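Remarks on the structure that follows.
Please treat every number below as a calculation from the coordinates, not as lab data. Predicted model, so just to flag it, every value in this text is computed and none were measured. Here the Cβ is made from the backbone with ideal geometry for all residues, glycine too, and neighbour counts use every protein chain on show.
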Amino acid sequence: MSHHDRVNFASKLGAVLAVAGSAVGLGNIWRFPYEAGNHGGAAFILVYLGCVFIFGLPIMMAEFTIGRRSKASTGEAFHVLAPHTPWRWVGYLGVLTSFLILGYYSVVSGWTLEYIVQAMTGGFSNKTSADFVNMFTDFSQNPFRPLCYLFVFILLTHLVVVKGVEKGIERFAKLLMPLLFILVVLLAVCSVLLPGAERGIEFLLKPDFSKVTPDVFLSAMGQAFFSLSLGMGCLSTYASYFGKDTRLGRTAMSVGIIDTCVAVLSGLIIFPAAFSVGIQPDAGPSLIFITLPNVFQQAFSGIPFLSFVCSTLFYVLLALAALTSTISLHEVSTVFLHEKFHFTRKKAAYIVSCGSLLIGIVSSLALGIWSSYTIAGMNIFDALDYLTAKIMLPVGGMLTAIFVGWVLKKQILRDEITNYGSLKVSFYPVFVFILKFIAPIGIALIFINELGLLK
Ligand code: PHE
């Protein structure tokens with residue numbers, strides 16, 4: 001496909017919402033609140049904001065630059081901008097990363113559908129805490145049910161992606177993102193109004209600077225990366241559909257703000273409700289699939305209708321957030337196959353859906369009947385998560401910063417950031433300095449820390 005007949009997002013708002021849809025996902029709703037609560041509350045949030053602004057947004061703008069300038073899929077973008085150099089492997093790495101993440105992320109996304117069904121059919125009522133643990137383990141280790149939901153979730157993603165950029169991705173983002181925002185605000189208000197909610201608000205928001213160790217700083221940076229969908233070409237793929245007048249800096253800023261607001265509001269849904277019923281919030285998937293159903297049931301025990309409405313809405317919210325993220329992951333590989341190998345978009349999407357279904361099946365079974373197969377002591381699901389989130393994303397992000405900071409022609413970068421000189425961008429020198437020095441060094445540190453090499 002030549003660069004000229006490539007589709008674009010129809011509006012700037014559509015572009016912002018599509019990118020925000022990629023960014024807002026499971027990472028905001030379960031991972032952020034837990035990290036914040038345990039790492040010093042508002043102190044963590046401040047450090048996190050620092051990471052978003054100092055590292056996250058500049059790298060996001062770097063990815064935008066790569067995408068919009070090359071007008072190509074991530075897999076091809078580096079090749080277009082630096083032909084016949086090994087930099088094209090960074091593009092391929094992004095495609096591979098997004099494809100692998102899509103596989104296991106869809107498994108957890110599928111679980112949200114089971115929990116919508118449970119919430120709607122009264123599956124949470126009259127259960128004890130132990131029952132919720134059993135319910136989740138029985139379900140996630142079942143060899144069949146999670147696979148059905150995985151299939152449904154990938155199918156939903158597929159159907160949106162096949163419809164294309166404007167009629168599929170942009171339209172869905174415009175519909176789902178406002179809905180998602182309304183749901184988060186509504187649920188946060190419900191939670192904050194519960195008796196005894198203050199202690200949860202305090203847990204999340206009271207700054208405790210004594211907990212901010214270098215380690216916390218690094219986990220905030222890792223969280224910012226995952227949450228902003230950086231380091232694997234999702235954003236550069238979306239940016240290849242940006243129009244000429246889209247402002248890269250402003251778009252990055254809007255997405256950063258939306259993503260952070262949803263993360264903090266999710267904390268305001270989870271902690272006040274959990275503290276109100278006296279349940280200690282837990283980490284990871286068990287927080288949303290074990291603790292929260294229990295919380296919903298107890299918090300509104302006198303009013304079963306409210307318990308039904310809030311829990312159903314919560315899982316719908318989670319499913320929508322996950323869907324807009326899986327769409328972006330799927331698009332990276334689909335458009336790569338479409339443009340590189342000239343498959344029709346439909347065929348490319350089929351290949352990606354079938355491939356990610358396979359990876360999803362393996363990851364899902366790895367939590368149950370295949371849990372005895374391990375790689376480096378981890379089951380296949382955890383190994384995939386570790387490999388992608390802890391190794392491939394930081395490496396991708398670091399190489400992106402180095403590429404745009406050092407390799408890409410200065411004039412190209414300036415043209416893209418200032419829309420060919422029509423915008424005054426006062427932070428430009430700082431931005432370039434960050435890309436050249438601060439981001440690569442900072443990411444190298446997260447990376448070394450995640451691998452445990454600092455200890
Ligand atoms: N940002 C998404 C989240 O917070 C996850 C994601 C990562 C989506 C990378 C796309 C690409 O859950």
Open item on the list: Relative contact order of the chain, please, whole-number percent, based on alpha carbon pairs below 8 angstrom and at least 6 residues apart.
Closed with: 33
Task: Hits among aspartates and glutamates - C-alpha to C-alpha of residue 174 under 18 Å, sequence gap 8 or more where chains match - done: 166, 259, 331
TODO: Please give the peptides 205-218, 111-124 ranked by average Cβ packing (other Cβ atoms within 10 Å per residue), highest first, as a rough proxy for protection.
DONE: 111-124, 205-218
Task: Listed residue pairs exceeding 24 Å between alpha carbons, taken from 12/409; 12/167; 347/409; 71/167; 206/436; 340/436 - done: 12/409; 347/409; 206/436; 340/436
TODO: Starting at the first residue of the stretch 412-424, write each ³J(HN,Hα) from the Karplus equation 6.51 cos²θ - 1.76 cosθ + 1.60 with θ = phi - 60°, in whole Hz, x for Gly and Pro.
DONE: 4, 4, 4, 4, 5, 6, 9, 6, 6, x, 7, 10, 8
Open item on the list: Residue by residue through the stretch 82-87, what is 3J(HN,Hα) from phi via Karplus (6.51 cos²θ - 1.76 cosθ + 1.60, θ = phi - 60°)? Round to whole Hz and write x for glycine and proline.
Closed with: 9, x, 6, 10, x, 4
Open item on the list: Using Cα-Cα distances under 8 Å and only pairs 6 or more residues apart, what relative contact order does the stretch 329-455 have, in percent?
Closed with: 18
Open item on the list: Suppose every Lys and Arg Cβ carries +1 and every Asp and Glu Cβ carries -1, with no other charges. What dipole size does the chain come out with about its Cα centre, to the nearest 20 debye?
Closed with: 1360
Open item on the list: Contact order normalised by length for the stretch 304-392, with contacts defined as Cα pairs under 8 Å and 6 or more residues apart; what percent is it?
Closed with: 14
- [ ] Consider just the alpha-carbon atoms of the chain and return their Rg together with their Dmax, both in angstrom.
- [x] 21.3, 67
- [ ] Would you kindly derive the ³J(HN,Hα) couplings of the stretch 164-177 from the backbone phi angles with the Karplus curve 6.51 cos²θ - 1.76 cosθ + 1.60 (θ = phi - 60°), listing them in order in whole Hz, with x for Gly and Pro?
- [x] x, 6, 7, 7, x, 4, 5, 5, 5, 4, 5, 7, 7, 5
Open item on the list: Just to confirm the filter: which chymotrypsin sites (Phe, Trp or Tyr not before Pro) across the stretch 360-435 are DSSP coil and have at most 10 other Cβ within 10 angstrom of their Cβ?
Closed with: 420
